[in-house]
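Right, one structure below, let's go through it.
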Amino acid sequence: MGTPNRIAALARILMTPGGIRAAAYWRPFSLTAFAMARTLRAQGLQPDLIVDGGANVGQFARAMAETFPDARVVSFEPLPDVAASFRSHFASTSRVRLVEAALGAEAGTLAFHRNPYSLASSALPVAEDDDLVVPHSETVSVPVTTLDLALHDEMITPSTLLKLDLQGFELEALRGASETLRQVGTVLLEIALRPSYSGEPSFEALLDHLRPFGFRFLRPIDILRDSATGEIVQMDALFAATT
């Protein structure tokens, strides 16, 4: 997010009820996660369980745990040092559980591309012609699990929210989530409209995978524009199961 957009977003958050307190006390705090959590609440969501794929140090988990104080959170982060930061932020929060693994279509190990900017780390390499993401600095081996395996003992209901922000690996995670998708009521996916990673799926490919499970696209919850052209290059898309 460019500096003018960030300043405008910060101004909106500070004028939102609870915004000043969140910025002062939430650890970690993220403008984007704060806004997304408030938007999801405004959509009428009241999740009992939040599945947080691509947790990083816990920005989304913190925003959701604070916004929905009765909900449990299960987060996934594969990089050990990033996972350690996550755990330090939630050491006293029993409602939040971390699984130190990537998400994919099957369990095992995965060559994971670590980025100097940890939020951009991915199971996929950066596309050669992309100018938005800094190239990865190293490739490391990480454990990978599936959503169906990791959530086998969780109580999943139509009130469960599944969020995946996996830097282009969302479709692979969904391929390992057939049973999960039959039970959750809402899915929130980060989707690239201009791919930054090699092999990143299109919006149509993700929607085609979700349709047989009864999901329809509701609306974007957040968008990212190219600061030079104004083009929408990414969105966080909300899908809901039809009743």
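Might you let me know whether region 143-153 holds any residue that is touching a Phe, Trp or Tyr at 6+ places or on another chain (Cβ under 7 Å), of a type outside the set (S, T, Y) and open to solvent by less than 20 Å² (accessible area, probe 1.4 Å)? For region 143-153, residues touching a Phe, Trp or Tyr at 6+ places or on another chain (Cβ under 7 Å), of a type outside the set (S, T, Y) and open to solvent by less than 20 Å² (accessible area, probe 1.4 Å): absent.
Checking the conditions here, which among L31, L14 is open to solvent by 30 Å² or more (accessible area, probe 1.4 Å), of a type outside the set (S, T, N, Q) and modelled with pLDDT under 95? Before the answer, list the steps.
On the way: L31 fails: open to solvent by 30 Å² or more (accessible area, probe 1.4 Å).
When all the criteria are applied, what remains is L14.
Of everything listed in (1) touching a Ser or Thr at 6+ places or on another chain (Cβ under 7 Å); (2) among the hydrophobic types (A, V, I, L, M, F, W, C); (3) surrounded by fewer than 23 Cβ atoms within 10 Å (Cβ to Cβ), the single unmet condition for L161 is (3).
Among the residues of region 206-226, is any in a loop (DSSP other than H, G, I, E, B) and open to solvent by 40 Å² or more (accessible area, probe 1.4 Å)? Don't jump to the end; show me each part of the working.
Filtering region 206-226 for residues in a loop (DSSP other than H, G, I, E, B) gives 214, 226.
Restricting the remaining residues to those that are open to solvent by 40 Å² or more (accessible area, probe 1.4 Å) gives none.
No, that holds for no residue.
For region 68-89, filtered to residues that are open to solvent by less than 10 Å² (accessible area, probe 1.4 Å) and over 16 Å from the mean Cα position of the chain (by Cα), the residue that is farthest from S30 (Cα to Cα) is A71. Residues that are at negative phi, of a type outside the set (S, T, Y) and open to solvent by 10 Å² or more (accessible area, probe 1.4 Å) within region 186-205 comprise E190, A192, L193, R194, P195, E200, P201, F203, E204, A205, listed in sequence order.
The values are calculated or read from the model by the stated rules, or taken from the named source; none is laboratory data. Computed from a prediction, not measured in an experiment: that's the story for all the values here. Every residue, glycine among them, receives a Cβ derived from its backbone with ideal geometry; neighbour counts consider all protein chains shown. Heavy atoms of the whole protein, side chains included, go into the accessibility calculation; ligands, DNA and RNA do not. Shrake-Rupley method; radii C 1.70, N 1.55, O 1.52, S 1.80 Å.
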